[in-house]
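S.K.: Here it is, the structure in full.
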Amino acid sequence: MKFFIDTANIDQIKEARDLGILDGVTTNPSLMAKEGITGEKNIFKHYKNICKEVEGLDVSAEVISTEFSEMVKEGKVLADLAENIVVKVPMTKDGIKAISYFSERDILTNCTLVFSAGQAILAAKAGATYLSPFVGRIDDISWDGMKLIEEIVSIYSIQGYATEILAASIRNPLHIIQAAKAGADVVTCPLSSILALFNHPLTDIGLAKFLEDYHKAGK
Ligand code: G3P
């Protein structure tokens, strides 16, 4: 399972990259706004900076347009910003049309805001590179977000769809483990969830004891 970081924060992207376990970055308009990045010029500049920090790794940049021809125009501009840009497109009729258009022209896409198996089938048929089902937001309404990942993994395997399942809206380390068990191709998560995977009290206790014994023996 590939690890993407879900943020537009350059320091966090660098921290995850430097761990040597990062495979890509996803952003969305809310994450860009959280970093205080506003206005087309600044947004494009910020995408370029992110792409430079993680050369060779996929970086999802989301279109703001909702109408097909506008999405196409905007997606082309985004794709031209850097070689590693993936155009993120919402799951709507116009979005699916745009994904088909980009797919025919070898422009990588990430179909976002996916909440059902039916939507997952449409995105795969359109040729999306990645599919982003939002696990946490389904949990938020007391449904089981991970069940959707399991369902899509099963459908894609039966049908032989090439679209990669990118578990998104990940909120904690357990989500990451469950996504791996469910067979997601990719998980995109905040840095806090990635770092939480490191934690185990027995690791801390064990390391302290090893170091204590080493220093005792040296005396
Ligand atoms: O990138 C989309 C997704 O990961 C959003 O997560 O936590 O806002 O539901 P969240």
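S.K.: For a quick check: with amide H placed at 1.01 Å from N, whose amide H comes under 5 Å from T7's, ignoring anything fewer than 5 positions away on the same chain?
M.R.: T26
S.K.: Report, in listed order, any pair from K88/K181; K34/K73; K45/K73 with a Cα-Cα distance greater than 23 Å.
M.R.: On the way: K88/K181 26 Å; K34/K73 25 Å; K45/K73 18 Å.
Check vs 23 Å cut-off fails for K88/K181; K34/K73.
S.K.: Pull out the extension gain between I141 and N199, defined as 0.36 nm times the separation in residues minus the alpha carbon to alpha carbon distance; nm, one decimal.
M.R.: Gain on stretching I141 to N199: 18.0 nm.
S.K.: In nm, to one decimal, how far is the A117 label point from the Q159 one, both placed 7 Å along Cα→Cβ?
M.R.: 1.1 nm
S.K.: A further question on this structure: Determine, from the Cβ-Cβ distance of T92 and L19 and an R0 of 30 Å, the FRET efficiency 1/(1 + (r/R0)^6), rounded to the nearest 0.05. Write down the numbers at each step before the final one.
M.R.: Values: r = 36 Å, r/R0 = 1.19.
Efficiency at R0 = 30 Å is approximately 0.25.
S.K.: Here is a follow-up. If packing is taken as the average number of other Cβ atoms within 10 Å across a peptide's residues, how do 130-139, 193-202 rank, most packed first?
M.R.: Details: 130-139: 22.5, 193-202: 12.6.
Answer by packing, highest mean first, reads 130-139, 193-202.
S.K.: How large is ³J(HN,Hα), in whole Hz, for each residue of the range 90-101 in order, when computed from phi with the Karplus curve 6.51 cos²θ - 1.76 cosθ + 1.60 and θ = phi - 60°, using x for Gly and Pro?
M.R.: Listing the rounded values in order: x, 6, 9, 4, 5, x, 5, 4, 5, 4, 4, 4 Hz.
S.K.: Please list 3J(HN,Hα) in residue order for the range 170-180, calculated via the Karplus relation 6.51 cos²θ - 1.76 cosθ + 1.60 where θ = phi - 60°; whole Hz, with x for glycine and proline.
M.R.: 8, 10, 7, x, 5, 4, 5, 5, 5, 5, 5
S.K.: Taking only DSSP H segments of four or more residues, each worth -39500 (n - 2.57), what value at 222 nm results for the chain once the sum is divided by all its residues, to the nearest 500 deg cm²/dmol?
M.R.: Details: 11 runs with 119 residues, N = 219.
Here the helix-only value at 222 nm equals -16500 deg cm²/dmol.
S.K.: For the range 24-37, in order, what is each residue's ³J(HN,Hα) by Karplus, 6.51 cos²θ - 1.76 cosθ + 1.60 with θ = phi - 60°, in whole Hz (x at glycine and Pro)?
M.R.: Residue by residue, the range 24-37 yields x, 9, 10, 10, 8, x, 5, 5, 5, 4, 4, 8, x, 8 Hz.
S.K.: Which distance in nm do the two modelled labels at K41 and K219 give, with both placed 7 Å along the Cα-to-Cβ direction?
M.R.: Here the answer is 6.5 nm between the modelled labels.
S.K.: Of the listed peptides 29-37, 110-118, what is their order by residue-averaged count of other C-beta atoms within 10 Å, with the highest listed first? Write out the running numbers ahead of the final one.
M.R.: Numbers: 29-37: 14.2, 110-118: 20.9.
So the peptides 29-37, 110-118, ranked by packing, come out 110-118, 29-37.
S.K.: Ratio of the chain's C-alpha Rg to 2.2 N^0.38 Å, to two decimals? Mind dumping the intermediate values first?
M.R.: Details: Rg = 19.3 Å, N = 219, 2.2 N^0.38 = 17.1 Å.
For the chain, the normalised Cα radius of gyration is 1.13.
S.K.: For E35, what residues show an amide H to amide H distance below 5 Å, using hydrogens built from the backbone and excluding near sequence neighbours?
M.R.: Distant-sequence amide H within range of E35: zero hits.
Every read-out reported here was derived from the displayed coordinates using simple, explicitly stated rules and does not represent laboratory data. Keep in mind it's a predicted model, so treat the numbers as computed, not measured. We place every Cβ from the backbone using ideal geometry, glycine too, and count neighbours over all the protein chains shown.
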